[in-house]
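Trainee: Okay, handing you the structure first.
The values are calculated or read from the model by the stated rules, or taken from the named source; none is laboratory data. From a predicted model like this one, the values you see are computed outputs, not experimental measurements. Backbone-built Cβ (ideal geometry, glycine too); neighbour counts: all protein chains shown. With ligands, DNA and RNA removed, areas are computed over all heavy atoms of the protein, side chains included. Shrake-Rupley method; radii C 1.70, N 1.55, O 1.52, S 1.80 Å.
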Amino acid sequence: MICSLLALFSLFSPAMAAARERTFLMLKPDAVQRGLVGKIIQRFEEKGFKLVAMKYMWASEELLKQHYADLATYPFFPSLIKYMNSGPVVPMVWEGQNVVKTGRVMLGTTNPVDSAPGTIRGDYCIQTGRNIIHGSDAVESAQKEIALWFKPEELVAWQSAANSWVYED
Ligand code: IDP
Ligand code: MG
């Protein structure tokens with residue numbers, strides 16, 4: 001009974017609905033090799049977003065080709081897959097209000113030459129082909145990417161103790 005009341009409340013509460021938005025972020029092999037894993041994760045923690053899932057793995061070519069399927073016809077596709085398959089990656093799911101859009105702003109633009117200082121790509125990298133981090137570009141693609149990289153049981157349901165200090169309501 002209490003559970004169903006809570007579920008009903010979450011359907012009608014804009015704050016809770018917004019907080020449920022999730023994005024898929026992935027630290028690429030260059031971020032791992034350059035020892036930037038901790039620094040990049042710290043930015044999302046400090047912002048107030050909530051970590052829902054994370055793993056450390058060497059992704060297969062097959063998985064990477066699925067992840068980047070939309071780019072299969074571009075000339076850089078083979079080198080993109082080779083780069084992403086050149087070492088371990090850190091796939092993650094983060095949750096929070098507007099986390100998809102804000103996550104992209106925190107990443108900076110695809111080509112680091114246009115990324116403002118203060119963004120991850122603006123601070124830590126130089127070329128598009130070594131741009132250290134992936135972030136979903138829309139809520140819909142985030143859902144697809146999360147389902148591709150994580151099993152439902154790998155997404156951890158937990159309440160952050162900081163929640164009421166990050167969100168007003
Ligand atoms: P995004 O990562 O900012 O969403 P997308 O256009 O989705 O950018 O491209 C995916 C990834 O493919 C980029 O992050 C980058 O690693 C790689 N990529 C995109 N365009 C180029 C290019 O022109 N040369 C080399 N690699 C590219
Ligand atoms: Mg993209």
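Trainee: How many of the residues in the stretch 80-108 are in contact with a helix residue (DSSP H, G or I) (Cβ under 7 Å, 6 or more places away or on another chain), near ligand 1 (Cβ under 10 Å from one of its atoms) and either open to solvent by 50 Å² or more (accessible area, probe 1.4 Å) or among the small types (G, A, S) (or both)?
Mentor: Number of matching residues: 1.
Trainee: Continuing with this model, one more query. Within the stretch 59-77, how many residues are in a helix (DSSP H, G or I) and open to solvent by less than 90 Å² (accessible area, probe 1.4 Å)?
Mentor: Residues in the stretch 59-77 being in a helix (DSSP H, G or I) and open to solvent by less than 90 Å² (accessible area, probe 1.4 Å): 6 in total.
Trainee: Test S164 against the stated conditions and say whether it is more than 12 Å from the chain's Cα centre (by Cα) and either in a helix (DSSP H, G or I) or closer than 14 Å to E21 by Cα (or both).
Mentor: yes
Trainee: Moving on. If we scan the stretch 153-162, do we find a residue that is hydrophobic (A, V, I, L, M, F, W, C) and surrounded by 13 or more Cβ atoms within 10 Å (Cβ to Cβ)?
Mentor: Among the residues of the stretch 153-162, at least one is hydrophobic (A, V, I, L, M, F, W, C) and surrounded by 13 or more Cβ atoms within 10 Å (Cβ to Cβ), which makes the answer yes.
Trainee: Considering (1) closer than 17 Å to T128 by Cβ; (2) under 18 Å from the mean Cα position of the chain (by Cα); (3) not aromatic (F, W, Y), say which one P78 fails and leave the rest.
Mentor: (2)
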